[in-house]
1. Which of the peptides 132-139, 100-107, 27-34 is most tightly packed, and how do the rest follow, going by the mean number of other Cβ atoms within 10 Å of each residue?
2. Among 87-99, 50-62, how do they line up by average Cβ neighbours within 10 Å per residue, starting with the highest?
3. Over the stretch 18-140, what is the mean sequence separation of C-alpha contacts under 8 Å (at least six apart), divided by residue count, expressed as relative contact order in percent?
4. How big is the charge dipole of the stretch 28-178 about its Cα centre, in debye rounded to the nearest 20, if each Lys and Arg gets +1 on its Cβ and each Asp and Glu gets -1 on its Cβ?
5. Report the relative contact order of the stretch 79-178, percent, no decimals, based on alpha-carbon pairs under 8 angstrom and at least 6 residues apart.
6. Would you mind classifying the stretch 122-175 by shape? Square roots of the alpha carbon gyration tensor eigenvalues, ordered a ≥ b ≥ c; an a/c under 1.5 is rounded, otherwise it is prolate if a/b is larger than b/c and oblate if not.
7. Around Ser65, with a cut-off of 12 angstrom between Cβ atoms, what is the net charge of the other residues, counting Lys and Arg +1 and Asp and Glu -1?
8. Around Phe95, what is the net charge, scoring Lys/Arg as +1 and Asp/Glu as -1 over all other residues with Cβ under 12 Å from its Cβ?
Amino acid sequence: VGTDTLNQNTIWDPTTNTPGNIDLSDALFTVLPAPSVTVVSPNGGDAYKYGNTVTITWEAKSIASKSVNIRLLKAGNVVQTIASNVAQSAESGLFVRSWTIPSTLTVGSDYTIEVSDAANAAVKDTSDGQFKIASNASLTIYCPNGGGTVMRGFNALLFWTYSGYTPASITVNLHKDG
């Protein structure tokens, strides 16, 4: 080990009296940034129902495998693999995948999406916030629906429709002033 004319440390090969233990690249090369994945959407605060189509969007950087896995998490636990080995057209870029919400999922407001490098599961990201999945069930009351008068001691007719489920029973409560 010695120093050169700029007082920099050098490694010297005393046999050939030349600098040693070095090599130069035969061609130009690029140092890529560390691989990363970022979920763009859904990224929290969204609300979906069974049958809705969700657009899952992610940004990938330096994903050499050019493929990712997409999973659905509920309260941080994997409940469904949405897609495996989803091909990307390039190592880096913005990518999209559509997914239809199945009615087999549990209704909840604590869902997130995880996207990970198919070749290295440690390179992953999860939605920044939670989103909601609800059923398509609905109940519409037609009568009475406000503005009418019912006299004490007389029967009142109730009309309603429901869809998306078949109730075992329906409970009717009377509320005064709202």
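1. 132-139, 100-107, 27-34
2. Those peptides, ordered most packed to least, come out 50-62, 87-99.
3. Computed over the stretch 18-140, the figure is 33 percent.
4. I would put it at about 400 debye.
5. The normalised contact order for the stretch 79-178 reaches 19 percent.
6. Prolate shape, in that a/c is at least 1.5 and a/b is the bigger ratio.
7. -1
8. Every neighbour counted, the sum reads +1.
The values are calculated or read from the model by the stated rules, or taken from the named source; none is laboratory data. All values derive from a computational prediction rather than experimental measurement. Counting neighbours? That spans all protein chains shown, and the Cβs are built from the backbone with ideal geometry, glycine included. Please note that ligands, DNA and RNA were not included when accessible areas were found on the heavy atoms of the full protein model with its side chains. Shrake-Rupley method; radii C 1.70, N 1.55, O 1.52, S 1.80 Å.
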